[in-house]
Amino acid sequence: MQITTNHVVTLNYTLKDNDDNILDKSDDGSFCYLHGASNIIPGLENALVGKVSGDSFSVTIQPEEAYGIHDEAKAQDVPRSMFPPEQEIEAGMQFNAQGPDGQAVVVTVKQVEGDTVTVDGNHPLASVTLNFEVIVMDIRDATAEELEHGHVHGPHGHHHD
Ligand code: ZN
């Protein structure tokens, strides 16, 4: 079975930046995704097309095909009152927010000064070139329910109440 749209794919991978720092890693067969549903970054999804179980390969993915280019305009100062009053706000904290087009974005607190909080809507891996080492562990057909939901179910997939 070759990887194509509507397959559920299990991967082991190591992700490094260009300085050989490990950014992320999954080596216990617990990472799976639904191919063709934009569950993973486009560069990695494209590199996996046609691979079969047991294949291993390396791929370098430019930011444009990963988490985008760092954009200064995505950093902005917002009033402290936009955050829950009872919550301590510190640099490095992440919050869910809404982007200009209404899409969900994760913002990272960069700085807190008095009543002003500087937040950054860039993904932490924006402008980072990603180097993946990948092993394809398993490929199966998605179920009708998985296709309808656009994500994987099961022990390592999405859980519903
Ligand atoms: Zn679901």
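Taking amide H atoms as placed 1.01 Å from N in the peptide plane, the amide H of K51 lies under 5 Å from those of I3, each 5 or more residues away in sequence or on another chain. Rounded to whole numbers, the Karplus 3J(HN,Hα) couplings from phi for region 117-129 are 10, 8, 10, 10, x, 6, 4, x, 9, 4, 6, 9, 7 Hz, using 6.51 cos²θ - 1.76 cosθ + 1.60 with θ = phi - 60°, and x at Gly and Pro.
Counting heavy atoms of the protein chains alone, D24 has an accessible area of about 60 Å² for a 1.4 Å probe. Here the chain has 46 percent of its accessible surface on carbon and sulfur atoms, given a 1.4 Å probe and all protein chains in place. Rounded to whole numbers, the Karplus 3J(HN,Hα) couplings from phi for region 146-161 are 4, 5, 5, 7, x, 7, 7, 9, x, x, 9, x, 7, 10, 10, 6 Hz, using 6.51 cos²θ - 1.76 cosθ + 1.60 with θ = phi - 60°, and x at Gly and Pro.
Solvent exposure of the chain, expressed per residue, is 60 Å² of accessible area, with all protein chains present and a 1.4 angstrom probe. Here the sum of -39500 (n - 2.57) over DSSP H runs of 4 or more residues, divided by the residues of the chain, equals -2000 deg cm²/dmol at 222 nm, to the nearest 500.
Net charge near E45: determine it from the other residues with C-beta under 13 Å of the C-beta of E45, scoring Lys and Arg +1 and Asp and Glu -1. Write down the numbers at each step before the final one.
Numbers: positive: K51; negative: E65.
It works out to a net charge of 0.
Here region 72-120 is assigned +1 on the Cβ of each Lys and Arg and -1 on the Cβ of each Asp and Glu. Its dipole about the Cα centre then comes out at about 120 debye. Extending 7 Å from the Cα toward the beta-carbon at both R80 and M1 defines two label points whose distance is 5.5 nm.
From the Cα gyration tensor of region 84-161, with a ≥ b ≥ c the square roots of its eigenvalues, which class applies: rounded if a/c is under 1.5, or else prolate if a/b is larger than b/c, or else oblate?
Working: a/c = 2.75, a/b = 1.87, b/c = 1.47.
Verdict is prolate for region 84-161.
Residues whose amide H lies under 5 Å from that of A75, counting only those 5 or more places away or on a different chain, are G121; hydrogens are built 1.01 Å from N in the peptide plane. Ligands, DNA and RNA aside, M82 has an accessible area near 130 Å² when probed at 1.4 Å.
Where the only charges are on Cβ atoms (+1 Lys, Arg; -1 Asp, Glu), what is the dipole of the chain about its Cα centre, to the nearest 20 debye? Let's see the in-between values first.
Values: 7 positive and 27 negative charges, 57 e Å.
For this selection, approximately 280 debye.
The largest accessible area among Y13, Y67 belongs to the first residue in Y67, Y13, and the rest follow in falling order (1.4 Å probe, all chains).
Work out, step by step, the length gained on full extension between N96 and E72: first 0.36 nm times the residue separation, then minus their alpha carbon distance; give nm to one decimal. Mind dumping the intermediate values first?
Numbers: separation 24, 0.36 × 24 = 8.64 nm, distance 1.87 nm.
Here the answer is 6.8 nm.
In this structure, the amide hydrogen of F31, modeled 1.01 Å from its nitrogen in the peptide plane, lies closer than 5 angstrom to those of L11, counting only residues at least 5 positions away or on a different chain. Counting charges near D27 (Lys, Arg +1; Asp, Glu -1) among other residues having Cβ under 15 Å from its Cβ returns a value of -2. Reported to the nearest whole Å, the Cα centre-to-centre distance from region 92-123 to region 7-52 is 27. Each of S30, S81 has its accessible area taken with a 1.4 Å probe; listed largest first, they run S81, S30. Taking all protein chains together, D161, D120 sort by accessible area into D161, D120, largest first [probe 1.4 Å]. Phi angles across region 134-141 convert, under the Karplus curve 6.51 cos²θ - 1.76 cosθ + 1.60 with θ = phi - 60°, into 3J(HN,Hα) values of 10, 10, 7, 8, 7, 9, 9, 5 Hz, Gly and Pro given as x.
The values are calculated or read from the model by the stated rules, or taken from the named source; none is laboratory data. Remember, it's a predicted structure, so these values are computed and weren't measured experimentally. Cβ sites come from the backbone with ideal geometry, for glycine too, and all protein chains shown count toward neighbours. Calculation scope for accessible area: heavy atoms of the full protein, side chains included, ligands and nucleic acids excluded. Shrake-Rupley method; radii C 1.70, N 1.55, O 1.52, S 1.80 Å.
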